[in-house]
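What follows is a set of notes on a single structure, which appears directly below.
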Amino acid sequence: MRLTNQTLPIKTIPWFRRWFDSAHYYKLYQNHNEQEAADFISELIGWLQPAPGSTILDLGCGAGRHCKQLALKGFDVTGIDLASSSIREAKKWETDSLQFIRQDMRIPFGSNRFDYIFNFFTSFGYFKTDHENNGVIRNISDALKKRGTLVLDYMNVRYVEERLVESEEKEIDGIVYYITRWMDEKFFYKKIVIDERQSGEPFENVEQVARFGLEDFNRMFSQNSLQIQEVFGDHRLSPFELNSSPRLIAIVKKAG
């Protein structure tokens with residue numbers, strides 16, 4: 001069964017829909033490369049030991065760099081992302097065992113379909129309401145087979161809180177990006193501004209990501225037949241330390 005392209009009927013364009021399709025997004029985050037993806041996937045697959053031919057979904061796949069590594073290891077891989085530009089790039093790599101779909105993760109993406117679902121690099125927590133976020137977790141649970149595994153790779157909120165850089169400037173390809181960061185009780189915010197004198201038109205975007213910690217994930221998982229089995233603190237799968245780990249990587253099982 002192949003998934004089909006789907007999007008939500010949204011009256012106003014949310015920040016992430018515009019931002020993830022922007023050329024400026026790729027410039028700011030271009031430090032994420034193929035070797036980094038290969039190293040992380042090797043660590044993860046070495047720990048998980050999936051059976052040959054396992055079905056894997058990369059939810060929020062971007063341009064597909066993790067999917068390509070997974071397909072090379074012999075798995076049946078699907079990548080889903082909302083950004084049209086990312087999916088156009090990713091589709092260049094499609095094969096019989098690797099497909100890419102443009103879809104909003106708030107729309108269901110299968111029932112009892114995948115052995116594993118991966119959600120990398122904080123590709124979650126963008127939505128304004130608990131109902132939307134919980135709906136994504138429900139979609140994940142529904143799409144997993146019984147005893148299937150979710151790997152959710154999120155920022156460690158405590159680590160980010162204590163190291164928040166309030167303002168900085170980055171120059172990339174002759175364009176200066178003015179960045180400011182702040183937080184409130186529920187979200188981290190990052191505002192990116194480009195002066196119109198540099199690019200010919202003004203550009204401003206505010207990222208918004210939920211301050212979800214282990215308790216929040218445990219609550220959402222328990223409501224959707226999911227349970228955390230293990231937590232790691234970085235992409236080398238080091239033990240999770242609340243104050244010093246940059247990542248919160250949860251290995252989560254669906255009930256049998």
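Laboratory data are not the source of any read-out in this text; all were calculated from the coordinates shown. Everything numeric in this text was worked out from a predicted model, so none of it was measured. Cβ atoms come from the backbone with ideal geometry, glycine included; neighbour counts cover every protein chain shown.
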Pick from 107, 117, 56 the residue whose mean-square fluctuation is largest in a GNM of the chain, springs joining Cα atoms under 10 Å.
107
Treating only Lys and Arg (+1) and Asp and Glu (-1) as charged, each at its beta carbon, one finds that the chain has a dipole about its Cα centre, in Debye to the nearest 20, of 980
Neighbour net charge for residue 130 - beta-carbon separation under 10 angstrom, K R +1, D E -1
+1
Cα pair distances of the chain binned at 10 Å [whole percent]
7, 30, 38, 21, 5, 0
Name the most mobile residue of 219, 106, 65, meaning the one with the largest mean-square fluctuation, in a Gaussian network model of the chain with Cα contacts below 10 Å.
219
For segment 101-134 versus segment 11-90, the gap between their alpha-carbon centres in whole angstrom
13
Which cross-chain or sequence-distant (5 or more) residues have an amide H under 5 Å from the amide H of residue 121, H modelled 1.01 Å from N in plane?
153
Please list, or write none, the lysines whose alpha carbon is within less than 18 Å of the alpha carbon of residue 145, excluding same-chain residues fewer than 8 places away.
253, 254
Of the residues 131, 24, 66, which exhibits the maximal mean-square fluctuation in a Gaussian network model of the chain defined by a 10 Å Cα contact cut-off?
131
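Roughly what percent of Cα-Cα pairs across segment 116-249 reach past 24 Å?
So the portion of pairs separated by more than 24 Å is 40 percent.
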Could you name the aspartates and glutamates whose alpha carbon sits less than 14 Å from that of residue 68, not counting residues in the same chain fewer than 8 places away?
34, 36, 39, 58, 76, 89, 94, 96
As a footprinting exposure proxy, order 67, 61 by other Cβ within 10 Å, with the fewest listed first.
61, 67
What list of ³J(HN,Hα) values in whole Hz, one per residue of segment 145-158 in order, does the Karplus curve 6.51 cos²θ - 1.76 cosθ + 1.60 (θ = phi - 60°) give from phi, with Gly and Pro shown as x?
6, 4, 6, x, 10, 9, 10, 10, 10, 10, 5, 7, 4, 4
